[in-house]
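Enquirer: Supplied in structure tokens, the structure appears directly below.
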């Protein structure tokens with residue numbers, strides 16, 4: 001995909017600095033910039049291309065020079081003077097860690113150290129269409145699963161790729177930019193298992209608070225925010241395909257819906273985390289605006305090796321880390337917050353003595369706390385169908401590299417390079433295998449791709465999914481230059497679970513990742529139904545203007561089976577289905593009576609004081625979610641807060657470093673939330689006292705018109721059967 005920037009070192013592009021005086025001459029390797037001058041000499045490798053097999057050494061030098069000029073995060077200070085102690089130390093600057101650093105540093109009396117193993121973003125990570133390409137760079141940890149007999153059977157070495165972001169911004173730097181909060185029923189299910197504060201209506205205000213939804217997005221306004229840190233937009237460019245896709249869904253009886261609104265099931269265009277046609281990672285959204293806060297130190301390219309725990313007090317008190325080959329130690333006076341993701345967080349906990357006893361003793365690691373760390377690994381499985389068409393209305397590597405598209409993107413933030421990871425539309429549907437009783441609880445997602453897998457000329461998709469060159473040309477050689485689009489079928493609620501374990505006690509070694517895809521046969525059955533529905537969509541009347549037809553993959557491992565039978569689809573799934581990089585669950589959240597829980601509903605590690613795990617590894621059950629949740633560490637009661645912004649939007653205030661009920665709000669009967677009296681702000685009825693309702697999703701009013709508010713509006717009293725009654 002890097003060839004969209006220069007066609008074999010022979011094209012000259014003028015890039016969009018303010019005075020447009022930066023000239024890139026690809027053939028001559030000279031780079032002129034208003035403030036900088038860089039020769040073709042190697043200037044520090046920000047991206048590792050050598051393993052991709054897609055680029056020659058001269059082009060690599062040009063790309064590295066580009067990256068020195070375009071630092072998309074600005075000059076974030078990654079070389080502060082390291083203090084001996086901080087109030088809070090945050091490990092990992094990904095989708096959760098970036099938010100936590102922003103919120104905690106609002107309190108100028110607190111000192112915060114943010115540690116990130118990766119580096120700053122650059123010009124290329126900004127380009128939405130290049131999302132798949134980033135998996136072949138050093139912005140990806142490059143993890144691979146252990147071999148399995150149930151999945152990834154035809155991929156390289158029978159192992160699945162496990163992409164995880166290694167950058168300021170974490171996986172939000174390499175993902176598909178799709179903004180999808182998840183299904184409200186999944187959140188309510190978490191809450192029903194005893195995870196207080198995690199129901200949909202409990203966390204909706206956080207989504208609204210963090211979002212800055214563009215006016216160009218067709219949404220249900222009651223469920224979206226304006227003015228938050230995170231920009232959400234429709235991509236400025238699309239092919240004719242998303243409109244055809246939505247039309248096909250409606251013709252089959254599905255609704256055209258906002259997936260982040262009132263109804264989750266249905267068909268829609270992609271809502272993307274981008275601004276002016278460029279990726280907006282959580283680092284750009286939450287770190288860049290506050291990077292100059294004096295109480296926030298940020299260290300990039302810093303590998304944390306251990307969390308130190310006092311064995312007597314069972315308190316986490318410091319972290320050890322490596323920076324520039326030097327080893328450091330920093331103390332945390334209040335808390336250590338681990339936000340390293342579903343793979344790295346459990347690894348670091350186990351290296352620090354927190355995990356399954358048998359696993360720790362296997363590597364002679366002293367046991368600080370025996371917990372089910374690393375268990376319960378879950379993921380979204382995906383299989384890609386390509387559909388061939390007769391017209392050149394789709395996107396391919398060869399088409400996108402046109403200099404006109406490159407210039408349009410750099411100067412204007414427009415054109416096909418703004419398509420987020422190639423994804424143009426989404427659908428959430430239920431198959432006949434669904435065990436979800438609710439009508440709005442899907443088990444399959446479809447993602448419409450602007451191009452087909454057969455158009456992967458330069459290997460970015462192959463690198464992402466672990467497909468060898470030989471396999472690619474065996475499968476797609478006959479249709480390599482045929483226009484195509486794709487529909488990815490994604491299993492939303494897998495039953496199969498994996499595990500993360502250690503390979504050694506060396507923190508610089510990768511952990512062992514046992515994905516266990518399709519260990520449960522039911523997962524295969526649901527995927528088969530999804531593939532059949534994807535074929536029905538792609539070949540529907542809406543697409544027949546382009547003579548759309550599914551390309552039948554001639555995979556040798558499945559050639560003995562009759563094409564388009566359930567057995568044939570199942571064979572393709574076990575051989576070619578792979579991950580979307582949505583791993584969760586390895587530090588399971590649960591109440592105290594859950595023997596498998598690692599953290600409580602306030603994300604505190606059981607048995608260890610001063611330590612929280614704030615990221616997706618705490619999700620105990622895979623939910624229908626694409627984009628990483630933004631505000632894991634909002635205002636739980638008795639949780640640390642820096643300002644009102646850290647607490648619930650309605651009814652809470654930050655007082656004495658914890659979120660408490662504001663004036664004229666009181667705890668409800670279960671003492672799980674604060675409810676407002678008459679004339680107090682609300683979104684839903686449950687935000688109001690008993691006997692009151694939320695009028696126009698605005699303020700609380702007594703339900704009975706004759707009722708009178710008493711006790712400063714905290715009680716609704718009315719006349720019923722000529723008797724005074726207090727409704728509380």
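Enquirer: Fewest Cβ neighbours within 10 Å first, please rank 508, 388, 360, 561 accordingly. Don't jump to the answer; show the numbers that get you there.
Expert: Details: 508 8, 388 19, 360 24, 561 16.
The most exposed by this proxy come first: 508, 561, 388, 360.
Enquirer: For a footprinting-style exposure proxy, rank 519, 410 by other Cβ within 10 Å, fewest first.
Expert: Values: 519 18, 410 22.
Ordered by Cβ neighbours within 10 Å, fewest first: 519, 410.
Enquirer: Still on this structure, I have one more. Return an integer: the convex hull volume of the alpha-carbon atoms of region 354-512, in Å³ per residue. Don't skip to the answer; put the middle values down first.
Expert: Numbers: hull volume 34.2 nm³, N = 159.
Cα convex hull per residue, to the nearest whole number: 215 Å³.
Enquirer: Sticking with this structure for a sec: Kirkwood-based Rg over Rh for region 547-619 (C-alpha set), two decimals? Mind showing how you got there, number by number?
Expert: Values: Rg = 21.4 Å, Rh = 15.9 Å.
Using only Cα positions, Rg/Rh for region 547-619 is 1.35.
Enquirer: Using only the Cα atoms, what convex hull volume per residue in Å³ does region 188-236 have?
Expert: On the way: hull volume 4.3 nm³, N = 49.
For region 188-236, the hull spanned by Cα atoms encloses 87 Å³ per residue.
Enquirer: Sticking to Cα atoms, compute the Rg of region 158-199 to one decimal and its Dmax as the biggest Cα-Cα distance, whole number, in Å.
Expert: According to the Cα coordinates of region 158-199, Rg and Dmax are 15.2, 41 Å.
Enquirer: Run through all the Cα pairs of region 214-309 and give the fraction in each 5 Å bin from 0, expressed as whole percent.
Expert: Spelled out bin by bin, region 214-309 gives 2, 11, 15, 16, 15, 12, 8, 8, 7, 5, 2, 1 percent.
Enquirer: If you average the C-alpha positions of region 253-280 and of region 416-441 separately, how far apart do those two centres end up, in angstrom?
Expert: One Cα centre to the other: 10 Å.
Enquirer: Relative to 2.2 N^0.38 Å, what does the C-alpha radius of gyration of region 305-420 come to as a ratio? Two decimals please.
Expert: Values: Rg = 24.2 Å, N = 116, 2.2 N^0.38 = 13.4 Å.
Normalised Cα radius of gyration, region 305-420: 1.80.
Enquirer: Separation of region 468-543 and region 196-221 by C-alpha centroid, Å?
Expert: Each part's Cα centre sits 30 Å from the other's.
Enquirer: OK, next. Most exposed first by the Cβ proxy, i.e. fewest other Cβ within 10 Å, how do 278, 331 rank?
Expert: Least crowded to most crowded, the residues run 331, 278.
Values quoted throughout were computed directly from the atomic coordinates according to the rules given, and no laboratory measurement underlies them. Everything quoted here is computed from the prediction, not taken from an experiment. Neighbour counts are summed over all protein chains in view; Cβ atoms, including those assigned to glycine, are modelled from backbone coordinates with ideal geometry.
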